[in-house]
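The values are calculated or read from the model by the stated rules, or taken from the named source; none is laboratory data. Note that the structure is a prediction, hence the values are computed from the model and not measured. Glycine also receives a Cβ, built like all others from the backbone with ideal geometry; neighbour counts cover every protein chain displayed. The protein model used for the area step is the full one, side chains on, heavy atoms only, and it has no ligands, DNA or RNA in it. Shrake-Rupley method; radii C 1.70, N 1.55, O 1.52, S 1.80 Å.
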Amino acid sequence: MRTRLFAASAAALVATFAAPALAQDTTTAEARAEAFKALPYWPGFWVSEQYLHTTISGNAAPRPPGSPPLERLNGFDAPYNDEGKARQAEAARTRAGRRADGWGYPMMMDAATPFQVMITPEETMIANGYGEVRHIYTDGRPFPAEEDLWPTVWGTSIGHWEGNALVIETVQVQMPYTYFHGGPVFSEEAKYTERMHLEGDRLVDEFTVEDPVTLTGPWSKTITHVREEGYDRMIQMDFSNDRTGNENGVNTIEPPADEREPQQ
């Protein structure tokens, strides 16, 4: 009797946490191969065009004269309400000399650190050189139930394909500015919608952010990515090389640890 009860409980548990049905049949090798044929391929190591050829200073190489301006995800020009303006003022007051734990989302999509895009029928995974990873599930599942969602640095994402464009919805992003000092001050209630697609040799990511806590209305930006030709493989690092310093409220670059004068 106890064995039957245990088996029934285990079956119920598996049913509760089982993945939802895929949007298309990929249960056989042949079906999965067919599903792959319908997907785009975005090889290479992509970097925000804003930061192409960035040096340790954090400054990118000058762009050619006449180049169109590039948009940013830092939220400096977002339509903030009173709460958003207060957060932005506090961020400006505390930003100088503050070090980061990584890029986080959404800033990893507008950063000097290259990322790869790995596309399968079930999910698209985006991973950068600091080991930051986005899992975008495209198997037809909805968002988890509210009691199974909580804020994380990279949020929870689901997506679907519209032709060769990946449409992504991301929710429950831990306040970006908390993780990276250059990030926007959006709240954990913000919803991010992306439309990512290839245009020629650029990977285009169209963002719209809606946040009832900090914004008066939707805020949209388009980020373009280009291939970083200096990479021949993905090299994973941690973020411990942040050498940001502060001198009279101005960011500086500290010497490497082995070149610093010992503390008195």
task: Please work out which residue is modelled with the lowest pLDDT, limiting yourself to the stretch 60-96 and to residues that are in contact with a helix residue (DSSP H, G or I) (Cβ under 7 Å, 6 or more places away or on another chain) and open to solvent by 40 Å² or more (accessible area, probe 1.4 Å).
output: Leu70
field: Count - residues of the stretch 139-174 that are among the hydrophobic types (A, V, I, L, M, F, W, C), assigned to a loop (DSSP other than H, G, I, E, B) and either out of contact with any Ser or Thr (no Cβ under 8 Å at 6 or more places or on another chain) or open to solvent by 50 Å² or more (accessible area, probe 1.4 Å) (or both)
entry: 5
- prompt: Which of the residues belonging to the stretch 205-220 are open to solvent by less than 40 Å² (accessible area, probe 1.4 Å) and under 14 Å from the mean Cα position of the chain (by Cα)?
  reply: Asp205, Phe207, Val209
- line: Note on Pro121: of the conditions (1) touching a residue at least 12 places away in the same chain (Cβ under 8 Å); (2) closer than 23 Å to Val209 by Cβ, unmet is (2)
- line: Selection from the stretch 125-138 of residues touching a strand residue (DSSP E or B) at 6+ places or on another chain (Cβ under 9 Å) and open to solvent by 10 Å² or more (accessible area, probe 1.4 Å) yields Met125, Ala127, Val133, His135, Tyr137, Thr138
